[in-house]
Amino acid sequence: MRNSGSSETLPGPPLWLLAELTYRCPLQCPYCSNPLDFARHGEELSTQEWIRVFREARDMGAAQLGFSGGEPLVRQDLAELIKAARDMGYYTNLITSGIGLTEQKVRDFKVAGLDHIQISFQAADEAVNNMLAGSRKAFAQKLAMARAVKAQGYPMVLNFVTHRHNIDRIAQIIELCLELEADFVELATCQFYGWAELNRVGLLPTREQLQRAERITNEYRDRLEAQGHPCKLIFVTPDYYEERPKTCMNGWANLFLDITPDGTALPCHSARQLPVQFPNVREHSLSHIWNDSFGFNRFRGDDWMKEPCRSCDEKHKDLGGCRCQAFMLTGDASNADPVCSKSPHHGVILKAREEAEAPGLGMEHLTLRNAKASQLIYRG
């Protein structure tokens, strides 16, 4: 099957490969992007299966490889996978909570060829961080490992997922990042997929909270730039406060290729929830998956679009927006992303904004990532 869009040519290569090595994780964050039924998915790819996937993607032109999860440190073969990827010429990055990381592993990964490590925090406040993570020692471990990463000469990349329970402390978050000598900081307001969608009422900040946080971030950014400081602050706003949708993952199956722990190939992290049959690397080559499979061609181009997207003069900018968001909020992945003010379903976004203005649920009411299932598969 060829591209279902308006172009007759094959798509370009998947430049960015994300290897979700496992759904296992010791933490239970209420905004985890893993599927709600993560514990039910199949057996993880073996070391050799992953290496074959890396080789096939590299042969197609993939240049960047991210190791993610769950918590990728759960995999005992991580150093071997890093070395295999480095030997193929990938730029490699590890996306981790820092739980399970040690100074020795930081050194071992450096020797294996890892290019950078991104450590995620839940908050700048120890109590809030540990409550959201579900671990009394998480914050101290993250601090120690961030310093170990910096000491080994990696770029210091930190990620804070912000939401209504921590966004008012954005200045404290930035100050902590500066204390840790961060080179890049992603202040990413929750995007509502997976567990975050389940907890949206308790996580979506108000417009006032968001605007204040962005203003403070910009003030820090201006000050740091004036000082010639190397730290780069990246502020990511939630789709729910936009009037036009984002070009999701740079377009459906355009640059990004995600492989899940059981080998299912996806054009984005959240696509597994769609009523689309996606191929598995155990059954098909990556070349077939990327170029010819139904799932990867389903929303390429614009032939799939319905009104108002089909006749919109901005459709080549946003490509109709996020298919997962359209499905979650309207029940039809072919509909316009409701974030767009032109969408007939935009009212669901307006309602969500109104709900955010009401007193939100306390953190104690958030549904944490399935703690029992998480602990069982982590131990197993």
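The values are calculated or read from the model by the stated rules, or taken from the named source; none is laboratory data. Keep in mind it's a predicted model, so treat the numbers as computed, not measured. FYI the Cβ positions are ideal-geometry reconstructions off the backbone, even for glycines, and counts take in every protein chain you see. The accessibility values were calculated without ligands, DNA or RNA, using every heavy atom of the protein model including side chains. Shrake-Rupley method; radii C 1.70, N 1.55, O 1.52, S 1.80 Å.
Brief remarks on what is shown
- Chain lengthening between Leu36 and Gln152 when straightened (0.36 nm per residue, less Cα-Cα): 38.2 nm
- Segment 69-222, accessible surface, carbon-and-sulfur percent (1.4 angstrom probe): 49
- Separation of the Val111 and Val236 label points, Cα + 7 Å toward Cβ, nm: 3.3
- Debye, to nearest 20: dipole size of the chain, +1 on Lys, Arg Cβ, -1 on Asp, Glu Cβ: 480
- Summed side-chain charge close to Gln273 - residues other than Gln273 whose Cβ falls under 12 Å, Lys, Arg +1, Asp, Glu -1: 0
- Longest site-free stretch - the chain; sites: trypsin sites (Lys or Arg not before Pro), DSSP loop, at most 15 other Cβ within 10 Å: 138-281
- Using a probe of 1.4 angstrom and keeping all protein chains present, the accessible surface of segment 223-290 works out to 42 square angstrom per residue.
- Percent RCO, i.e. relative contact order, over the chain, from Cα pairs under 8 Å lying at least 6 residues apart: 23
- Semi-axes of the equivalent ellipsoid for segment 3-91, Cα gyration tensor, largest first, Å: 26, 19, 11
- Whole-Hz couplings from phi, Karplus 6.51/-1.76/1.60, listed for segment 236-241; x for Gly and Pro: 10, 8, x, 4, 5, 10
- Nonlocal amide H pairs with Val236, under 5 Å, H built at 1.01 Å: Leu187, Ala188, Thr189
- Amide H contacts under 5 Å for Gly263, placed H, 5+ residues apart: Leu45
- Dipole magnitude for segment 42-110: about 300 debye, using +1 per Lys or Arg Cβ and -1 per Asp or Glu Cβ, origin at the Cα centre.
- Cα lying deepest toward the dipole's positive end in the chain, options Cys312, Met88, Leu329, charges on Cβ: Met88
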